[in-house]
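A.B. asks: Structure below; questions to follow.
The values are calculated or read from the model by the stated rules, or taken from the named source; none is laboratory data. Here the structure is a predicted model, which means the values were calculated and not measured. Cβ placement follows ideal geometry from the backbone for every residue including glycine, while neighbour counts extend to all protein chains displayed. These accessible areas exclude ligands, DNA and RNA; they are computed on the full protein's heavy atoms, side chains included. Shrake-Rupley method; radii C 1.70, N 1.55, O 1.52, S 1.80 Å.
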Amino acid sequence: MTDFTYSVDADGVATITWDVPGKSMNVMSREGFALVSGMVDKALADPAVKGIIVTSGKDTFAGGMDLNVLASIREKAGKEPAQALFDFTMSGHHILRKLERAGMDPKSLKGGKPVVCAIPGTSAGIGTEVALACHRRIMADNPKAKIGLPEILVGLFPGGGGTTRFSRMVGAMAAAPVLLEGKMLDAKKAKAAGLIDEVVAPEDLLKRAKEWVLSATDAEIVKPWDQKGFKMPGGAPYHPAGFMTFVGANAMVHGKTQGVYPAAKALLAAVYEGALVPFDTALKIEARWFTNVLMNPSSSAMIRSLFLNKEALEKGANRPQVADQRVKKVGILGAGMMGAGIAYVSANAGIEVVLIDAAQEAADRGKAHSADLLDKGMKRGAVSQAKKDEVLGRITATTDYAKLEGCDLIVEAVFEDVKVKADVTAKAEAVIPATAIFATNTSTLPISELAKASKRPDEFIGIHFFSPVDKMNLVEIIKGKKTGEVAVAKALDFVRQIRKTPIVVNDARFFYANRCIIPYINEGIRMVAEGVEPALVENAAKLLGFPLGPLQLVDETSIDLGVKIAKATKAAMGDAYPDGAVDEVLFAMAGKGRMGRKANAGFYAYDEKGGRLGLWGELGANWPVSDDQPELTEVQHRLMMAQVLEAVRALEEGVLEDIREGDVGAILGWGFAPWSGGPFSWLDIIGADKAVAICDGLEKAHGARFAAPKLLRDLAAKGQTFYGRFGAGAKAA
Ligand code: NAD
């Protein structure tokens with residue numbers, strides 16, 4: 001194993017270089033930890049060694065813990081997974097603590113060897129925690145480099161000592177953006193935040209690190225918490241200022257997480273409890289809370305969906321085995337809201353773009369969207385003038401289809417109209433190479449129908465973006481009946497180039513995401529029609545961790561879009577259409593001109609500037625609130641099951657082929673309660689038999705839409721879980 005190498009130079013400076021073979025970014029494994037431990041022992045024991053530089057052989061420092069390792073420790077630990085995770089965490093603490101004490105005499109605090117971390121580029125998670133255990137952190141002024149502790153974003157918190165060390169370095173309040181929000185900072189901001197000590201030119205990094213090692217005094221290498229009389233910056237919990245901080249932080253965390261994210265709560269508890277005891281005890285407390293979080297089913301589900309499975313999908317878990325299909329030149333038809341966004345993300349990824357609209361003005365407006373976004377980036381200091389010119393230089397805005405010559409991919413985003421789409425398909429196909437793939441961004445029209453306008457339906461596919469394109473990371477790839485493997489690979493390679501997360505589904509009404517979102521919105525509206533207090537509906541959703549309640553969501557996407565979809569669905573389904581009660585409310589709102597946020601009036605009231613004021617005061621006058629309100633749990637079950645059962649049906653019907661895509665797609669596509677890991681993970685957490693019991697109750701009270709799907713009953717009968725039966729790459733039967 002060569003994840004770390006060790007060398008000592010003529011001046012007695014030992015260098016431990018982290019360079020995991022075959023990985024673009026260093027990750028920490030169990031063996032890696034053991035290796036570092038041995039190297040630290042060697043350096044401390046060697047009288048010729050004066051100090052240690054910890055650095056990386058790559059242009060980045062480290063990406064973090066290999067989360068697969070944590071998952072496998074838990075799985076392999078048999079009956080005592082918590083003990084195994086705790087022991088593993090404590091062994092990491094011991095190694096980093098050994099590095100930090102660096103051989104000094106525990107009483108006099110003298111005689112230790114200086115340890116500096118030379119950080120050439122991005123550092124996250126355990127990488128940053130290793131750096132925090134060193135005596136000094138010097139980071140290269142590398143414009144791409146960011147440093148931080150983003151664990152909280154995948155349902156964990158920094159459990160390698162980062163929580164305890166950083167909160168004691170800067171105080172609980174100042175540590176909050178890094179620990180609680182997972183903010184990654186560039187070198188200058190990291191220095192201002194106290195995460196690092198020095199920023200130097202990249203070429204001077206090792207020279208400066210060595211200089212520091214050779215000049216550091218005994219006093220410079222003793223951490224504040226190892227000195228007598230240490231006081232927590234900003235005040236420990238029983239200090240008046242500290243008390244205010246913890247009370248405020250508690251309220252803030254609860255307000256942001258609604259109590260559904262165990263990691264945020266555990267992080268705060270580790271900081272609070274740790275602040276009351278000596279450092280080594282605080283590390284033990286941190287390890288206990290970390291174990292607690294790792295054992296929480298919500299955290300495992302979040303890690304699985306937001307880290308392991310998301311990454312697997314991005315790396316092409318479901319990509320057909322065909323040659324590299326990376327896109328060089330993309331033609332985008334329609335420069336409206338979606339086309340303009342797709343043009344921006346493509347050009348930004350280095351792809352040449354031809355952006356077509358019916359009028360030159362419209363095409364230019366589409367290109368101007370990229371200029372606007374780049375200007376915003378320049379204001380933030382994230383984009384240079386040269387970068388802006390380069391990106392805009394890749395976009396040709398035109399009405400001329402002849403310019404599509406040489407495009408290897410077309411993404412069509414014209415009006416949602418079969419005839420208009422057929423017309424532009426024919427026009428583009430007359431020009432593009434025979435091997436080019438044609439993709440449509442339709443949100444409601446069946447791909448197989450639209451493919452009929454194509455001369456080569458095997459090269460026709462759906463690539464469904466979400467709005468706003470530059471912010472939404474999910475892309476749904478839809479296979480029509482005749483779509484071939486190359487088209488799927490092309491779509492996946494394109495999504496990878498623009499650094500988004502793909503799911504691949506089969507063609508069916510509303511594909512996957514919208515199929516689940518629409519019943520969520522409809523259930524909310526249906527409850528308003530029934531006389532359920534609208535605030536109860538919205539808060540029930542928020543308390544489940546949904547970013548938007550169903551009524552706010554329909555305001556955002558617009559009531560007229562809802563009306564349009566309802567009419568089209570009714571026309572397609574005829575008598576089987578189940579949402580008459582919903583339409584009464586929706587159509588009445590549209591009739592009053594309350595089209596949602598864009599009209600400054602919808603289920604919510606807005607001020608002239610579009611600021612949301614609160615639920616519309618006259619909702620109750622139109623749909624009287626009943627005296628008999630349901631329990632919160634019942635409202636939550638209705639909102640949850642409305643979406644989740646649709647996901648199960650999509651799997652049953654073969655629209656979804658992989659539950660990982662169902663979970664990742666739900667969180668990224670419509671913010672489905674991220675703490676749950678997605679619809680399938682949530683069902684696994686509560687268990688199929690409990691889910692069936694909830695469905696049976698809801699079906700009796702509210703109708704057949706809540707009938708438990710056969711697949712769910714089957715899992716309940718056999719005592720199985722979704723991940724047990726369909727997990728880890730296994731395709732749905
Ligand atoms: P839009 O109305 O903003 O843009 C459509 C553009 O197509 C307009 O600029 C129009 O001038 C242009 N156009 C129309 N006919 C044309 C033709 N014959 N040749 C060239 N250009 C033509 O619409 P949008 O919101 O960008 O939606 C575009 C497509 O994306 C639709 O199929 C829609 O269903 C789908 N979609 C929309 C969203 C969304 O949130 N808006 C999300 C996903 C998918």
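A.B. asks: Just to verify a number: what accessible area does ILE517 come out at with the full protein assembly present, 1.4 Å probe, Å² rounded to tens?
C.D. replies: 20 Å²
A.B. asks: Reported to two decimal places, what Rg/Rh ratio describes region 509-733 when computed on Cα atoms with Rh from the Kirkwood expression?
C.D. replies: That ratio is 0.97, to two decimals.
A.B. asks: If you don't mind, another one. After finding the eigenvalues of the alpha carbon gyration tensor for region 230-367, what semi-axes result from the square roots of 5 times each, listed largest first in whole Å? Don't skip to the end; give the middle numbers.
C.D. replies: Values: eigenvalues 490, 101, 34 Å².
Taking √(5λ) for each eigenvalue gives 50, 22, 13 Å, largest first.
A.B. asks: Rounded to the nearest 10 Å², what accessible area does TRP289 have for a 1.4 Å probe in the complete protein model?
C.D. replies: For TRP289, solvent-accessible area is about 70 Å².
A.B. asks: If you don't mind, there's one more thing I want to ask. Enumerate the calculated ³J(HN,Hα) couplings along region 155-171 in order (Karplus 6.51 cos²θ - 1.76 cosθ + 1.60, θ = phi - 60°), each rounded to whole Hz, writing x wherever the residue is Gly or Pro.
C.D. replies: So the J values, rounded to whole Hz, are x, 10, 9, x, x, x, x, x, 5, 5, 5, 5, 5, 7, 6, 10, x.
A.B. asks: Which FRET efficiency, nearest 0.05, do PHE415 and ALA48 yield, Cβ-Cβ r, R0 56 Å?
C.D. replies: Efficiency at R0 = 56 Å is approximately 0.15.
A.B. asks: Show GLU198, GLU412 ordered by accessible area, largest first, where the area counts protein heavy atoms only and the probe is 1.4 Å.
C.D. replies: Descending accessible area places them as GLU198, GLU412.
A.B. asks: Which of the listed residues, GLY393, ILE477, MET378, is farthest toward the dipole's positive end in region 329-507, when Lys, Arg count +1 and Asp, Glu count -1 at the beta-carbon?
C.D. replies: It is MET378, whose Cα lies furthest towards the positive end.
A.B. asks: Under the rule of at least 5 residues apart or a separate chain, name every residue whose amide H is placed under 5 Å from the amide H of HIS464.
C.D. replies: GLU476, ILE477, ILE478
A.B. asks: How much of the accessible area of region 329-507, probe 1.4 Å, is carbon plus sulfur, in whole percent?
C.D. replies: Carbon and sulfur atoms account for 52 percent of the accessible area of region 329-507.
A.B. asks: Now for a separate question. State the answer as a single residue: which of PRO81, ALA124, LEU109 lies farthest towards the positive end of the charge dipole of region 65-124, with beta carbon charges of +1 for Lys and Arg and -1 for Asp and Glu, about the Cα centre.
C.D. replies: Toward the positive end, the furthest listed residue is LEU109.
A.B. asks: From zero up to wherever the largest Cα-Cα distance of region 65-178 sits, split into 5 Å bins and tell me the percent of pairs in each.
C.D. replies: 2, 10, 17, 20, 20, 15, 9, 5, 1, 0
A.B. asks: Once you put a point 7 Å from the Cα of GLU485 and another 7 Å from the Cα of THR217, both along the Cβ direction, what distance in nm separates them?
C.D. replies: 7.0 nm
A.B. asks: Also, quick follow-up: Please list, in chain and number order, the residues 5+ apart from VAL115 or on another chain whose amide H is under 5 Å from its amide H, with Hs placed from the backbone.
C.D. replies: The list, which skips near neighbours in sequence, is ILE52, HIS135, ARG136.
A.B. asks: Follow-up. What number, in percent, do you get for the relative contact order of region 329-507 if the mean sequence gap of Cα pairs under 8 Å and at least 6 apart is divided by its residue count? Working shown, then result.
C.D. replies: Values: 366 pairs, mean separation 35.7, N = 179.
About 20 percent, as a whole number.
A.B. asks: Also: Once phi is turned into ³J(HN,Hα) by the Karplus curve 6.51 cos²θ - 1.76 cosθ + 1.60 with θ = phi - 60°, what whole-Hz value does each residue of region 357-371 show in order, with x for glycine and proline?
C.D. replies: Running phi through 6.51 cos²θ - 1.76 cosθ + 1.60 with θ = phi - 60° gives 9, 5, 10, 4, 4, 5, 5, 5, 4, x, 5, 4, 4, 5, 4 Hz.
A.B. asks: Per the 1.4 Å probe, what fraction of the accessible area of region 1-62, in percent, lies on carbon and sulfur atoms?
C.D. replies: After summing per-atom areas, the C and S share lands at 55 percent.
A.B. asks: Would you please state which residues of region 192-234 a label at ASP141 would reach in this model, taking the label point 7 Å out along Cα→Cβ and a backbone N cut-off of under 15 Å?
C.D. replies: In region 192-234, the label zone of ASP141 (backbone N under 15 Å from the point 7 Å along Cα→Cβ) covers 192, 197-206, 208.
A.B. asks: Long-range amide H contacts for ILE332: which residues qualify at under 5 Å (H placed 1.01 Å from N, peptide plane, sequence gap of 5 or more or a different chain)?
C.D. replies: Counting only residues 5 or more places away or on other chains, the set is VAL354, LEU355, ILE356, VAL411.
A.B. asks: Pull up the cross-link candidates among the lysines for LYS328, meaning alpha carbon to alpha carbon under 20 Å and not fewer than 8 places away within one chain.
C.D. replies: Here the lysines satisfying the reach criterion relative to LYS328 are LYS315, LYS367, LYS387, LYS388, LYS403, LYS490, LYS500.
A.B. asks: Could you rank LYS210, LYS23, LYS482 by how accessible they are, 1.4 Å probe, largest area first?
C.D. replies: If we order LYS210, LYS23, LYS482 from most to least accessible, we get LYS482, LYS23, LYS210.
A.B. asks: While we're looking at this one, here's another question. Order ARG365, ARG496, ARG515 by their accessible area, 1.4 angstrom probe, all chains in place, largest first.
C.D. replies: Ranking ARG365, ARG496, ARG515 by accessible area, largest first, yields ARG365, ARG496, ARG515.
A.B. asks: OK, next. I'd like the distance separating the alpha-carbon centroids of region 5-32 and region 590-659, in whole Å.
C.D. replies: So the two Cα centres are separated by 53 Å.
A.B. asks: Here is a follow-up. Spit out the partnerless Cys residues in the chain, using Cβ distances under 4.7 Å as the pairing rule.
C.D. replies: So far as the 4.7 Å Cβ criterion goes, CYS407, CYS516, CYS695 stand without a partner in the chain.
A.B. asks: Also, quick follow-up: Along the Cα→Cβ direction, 7 angstrom out, place labels at LYS228 and THR399. What is the inter-label distance in nm?
C.D. replies: About 8.5 nm, to one decimal.
A.B. asks: For the modelled label position 7 Å from the Cα of SER626 along Cα-to-Cβ, which residues of region 664-704 have backbone nitrogen atoms closer than 17 Å?
C.D. replies: Inside the label zone: 697-704.
A.B. asks: With all protein chains present, calculate the accessible area of CYS407 using a 1.4 Å probe and round the result to the nearest 10 Å².
C.D. replies: Only protein atoms counted, so the area is about 0 Å².
A.B. asks: Counting Lys and Arg as +1 and Asp and Glu as -1, each charge on the Cβ, what is the dipole of the chain about the Cα centre in debye, to the nearest 20?
C.D. replies: I would put it at about 1180 debye.
A.B. asks: Counting each DSSP H run of 4 or more residues in the chain as -39500 (n - 2.57), what helix-only mean residue ellipticity at 222 nm follows after dividing by all residues, to the nearest 500 deg cm²/dmol?
C.D. replies: Value at 222 nm, helices only, nearest 500: -15000 deg cm²/dmol.
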